[in-house]
Every structure is written in C-alpha cells, then in structure tokens.
Amino acid sequence: MTLGPLMLDVAGLELTQEDRELLAHPAVGGVILFARNYQSPEQVSALVNEIHGLRNPHLLVAVDQEGGRVQRFRDGITRLPALACLGEIFDRDRTRARHLAHTMGWLMAAEVRAVGVDISFAPVLDLDYGVSTVIGNRALHKRPEIVAELAHAYQSGMQEAGMAATGKHFPGHGAVEADSHHALPVDPRRYEDIAQWDMVPFERMIHYGLAAVMMAHVVYSEVDAQPAGFSRYWIKAVLRDQLGFQGVVFSDDLSMEAAAGIGSYTDRARLSLEAGCDMVLVCNARAQAAEVATALVDYSNPVTHTRLARLHGRHAPGLRELQASPRWSQAVAAVAGCEAEPELDLDL
C-alpha cells in the first residue's frame with residue numbers, strides 16, 4: 001500500500017478502534033500529533049509505534065515542535081525557545097547565532113526522532129514584519145537573508161538528527177495582520193515585492209536542499225485570487241517551475257477559517273491537490289476527514305508517493321540513549337540561555 005494524500009489527527013493518548021479503521025484507509029498517508037496526544041516520551045513513543053505498525057510503508061507521523069508558543073511535546077522533552085531568539089543573537093554575534101541554530105535544529109529533531117516521529121513542521125521561514133500576531137516571534141528575523149542563513153544552519157542540524165526540514169508558510173505569511181486560523185488574510189503587495197523579500201528564504205533553502213514546504217492560507221490579491229495553498233500559479237508556476245522545488249508540498253490545515261471560502265472539505269482537498277499540493281491536512285474535524293478520505297479513495301500520483309517516502313525519519317537512538325549522550329547535555333545547556341519572555345501557547 002502506498003501513502004495517500006491525506007494527513008489527519010487522532011483522538012487522544014492511545015488509538016481508538018475508530019482511529020485504526022480510518023488510518024487503514026488508502027487515502028490516508030500521515031498523522032499529525034497535538035498536545036492532547038502527548039503525556040510522556042514513553043506514552044507518545046508507544047502511540048507512534050502503533051501508528052507505524054498499521055501500514056507498510058508506515059504512515060508519516062508529524063508534529064509542530066518549533067519551540068516557544070508552538071511546542072506540542074513538553075514534559076520529559078527539552079523546552080525550546082522561540083526561533084526569534086536566534087535572530088536577536090545574530091544581530092550581536094553572527095557566528096554564535098549560526099552555531100546555536102544548528103544546535104537547536106539538531107536538539108529538536110533528535111528528541112522528536114527519539115520517540116519515533118518522522119517530521120516536525122519546521123523551520124518557519126516567514127519574515128517578522130512586526131504586524132502578524134500568529135507569526136510574531138516564531139519568525140527568525142525581519143531580514144530575508146538572515147532568515148535564510150539561520151534556517152540553513154537549523155536545517156543542517158535537523159538533517160544530522162535524521163529528520164527532513166519543512167519550510168513554512170510559502171510564499172510568506174509575515175506581512176498580514178489577520179490570523180488564518182480565524183480569518184482569510186489578504187496581502188495586497190505586488191509580486192515583485194513578495195519575490196524580493198518573503199520568497200528569498202524559500203528560494204535559498206530550496207537551493208540548500210529543503211525537503212518540504214507548507215503553503216500559506218493567504219490571498220495575495222495582486223497576484224492571484226485564490227489563497228496560495230489552492231493556487232496553481234503559486235504552487236506550479238512559481239514554486240515548482242520558477243524556483244525548481246522538487247520536494248513535498250503540504251497544504252496548511254484545511255479546517256482553518258481561511259480555507260472556508262473554497263467550499264466543502266472535499267472541495268478544499270481536491271482543489272489543493274489539483275493546484276499541486278502533495279498532501280493535505282484536515283485537523284480537528286474527524287467527520288470531515290473521513291469524508292475527504294472517501295472522496296480521495298481512488299486518488300493516485302506516483303510522483304507524490306516517491307516524494308512522501310523520502311520524509312520517513314532515519315534511524316535514531318531512543319530518548320534514554322540520546323539523553324545519556326554528552327552532545328545532548330551540551331545542546332540543552334547551549335539553548336538554555338536563549339529563552340525569550342514566556343508567552344501564551346498557540347493551539348495551532
């Protein structure tokens with residue numbers, strides 16, 4: 001059985017029978033875990049092992065483990081600072097910031113891989129324009145060349161830990177005030193401005209071997225009427241043809257309010273896939289995820305299958321072995337001094 005184009009969530013700390021039946025559906029290819037799915041490293045490792053055991057090749061298991069406000073796994077796992085701390089350090093000490101970015105990327109990915117999860121949707125490549133509350137200190141910096149430099153180091157650390165990187169949110173979410181979880185953001189800038197600023201980190205990271213990209217639920221009104229994740233222009237003409245990206249393209253969550261205007265969940269999934277996405281996410285909407293799976297039962301794209309298979313995590317030590325290593329201790333100590341002011345968590 002190949003990996004299907006749908007990524008969805010599961011109910012709790014263990015799989016229910018309903019979860020198992022849905023995950024066996026051929027249209028399903030991945031599972032995203034949230035804070036409700038995490039109690040301890042031992043518990044989540046058992047959950048991931050069961051998910052992986054359901055299919056061959058195993059379903060991709062993903063999580064948002066950026067650090068700061070967006071970190072699903074916490075107890076028993078290193079609490080990571082928001083990525084903006086790296087940009088702040090860069091302004092004072094470029095060499096230290098690059099080294100710390102590599103260390104943070106490795107530590108995040110090593111701990112997530114130690115409990116079996118294949119990918120974390122990181123790093124954020126959006127620019128910090130100081131207007132987006134949903135991006136904010138999730139962004140590395142306001143300057144595109146600095147974001148690219150730090151993200152490259154972060155990605156290198158992830159790769160050393162056996163995890164592929166996912167850059168988000170293409171072509172850039174940082175210049176809009178609205179939160180796409182609750183509204184449809186509209187960015188009125190010209191294509192030339194977006195290309196010269198927001199797209200620079202993505203273009204450079206593609207050159208550095210970026211494995212996956214997540215699209216933005218943003219309408220760039222001077223460029224295309226559709227939100228980017230549903231736009232053939234943004235995905236095929238720009239990301240694929242112009243930038244030469246050959247990796248996996250993920251939609252953002254189709255349950256978000258910014259996607260509601262597209263139509264039903266099935267309409268959203270079909271349009272996103274037709275526009276060029278390889279995998280669509282439907283989160284926190286079980287009945288609708290099941291409807292999408294049924295609608296996509298005959299969907300097949302051999303190129304997508306190959307791309308998705310490349311995201312399976314490489315072999316990694318267990319968490320106890322990892323935490324007994326000098327490198328882990330050194331990494332934890334290195335990131336401890338980078339913690340920003342505490343903020344409310346984002347349930348994204």
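Just a few scattered comments:
- Stokes-Einstein diffusion coefficient of region 1-118, Kirkwood radius over Cα pairs, 25 °C, 0.890 mPa s, in µm²/s: 159
- Sorted peptide list for 273-281, 88-96, criterion being average Cβ within 10 angstrom, highest first: 273-281, 88-96
- Placing pseudo-labels 7 Å out from each Cα toward the beta carbon at V186 and Q330 gives an inter-label distance of 5.3 nm.
- Gain on full stretching of the segment that runs from E177 to A287 - 0.36 nm per residue minus C-alpha separation: 36.5 nm
- Expected-Rg normalisation [2.2 N^0.38 Å, Cα atoms] applied to the chain: 0.92
- Residue by residue, region 269-280 carries 3J(HN,Hα) couplings of 5, 5, 5, 5, 5, 5, 6, x, 5, 8, 9, 10 Hz when phi is fed to the Karplus relation 6.51 cos²θ - 1.76 cosθ + 1.60 (θ = phi - 60°); x denotes Gly or Pro.
- By the Cα gyration tensor, region 157-248 has an equivalent ellipsoid whose semi-axes, rounded to whole angstrom, run 23, 15, 12 from largest to smallest.
- Debye log10 I(q)/I(0) at q = 0.33 Å⁻¹ for region 88-134, Cα point scatterers: -1.10
- In a fully extended conformation the segment linking A309 and A225 would gain 27.0 nm over its present Cα-Cα distance, using 0.36 nm per residue.
- The Cys residues in the chain with no partner Cys Cβ within less than 4.7 Å of their Cβ are C277, C283.
Values in this text are rule-based calculations from the coordinates and carry no lab data. Only a predicted model underlies this, so the values are computations on that prediction, with no experimental measurement involved. Methodologically, a virtual Cβ is constructed for each residue, glycine included, from the backbone with ideal geometry; neighbour enumeration extends over all protein chains shown.
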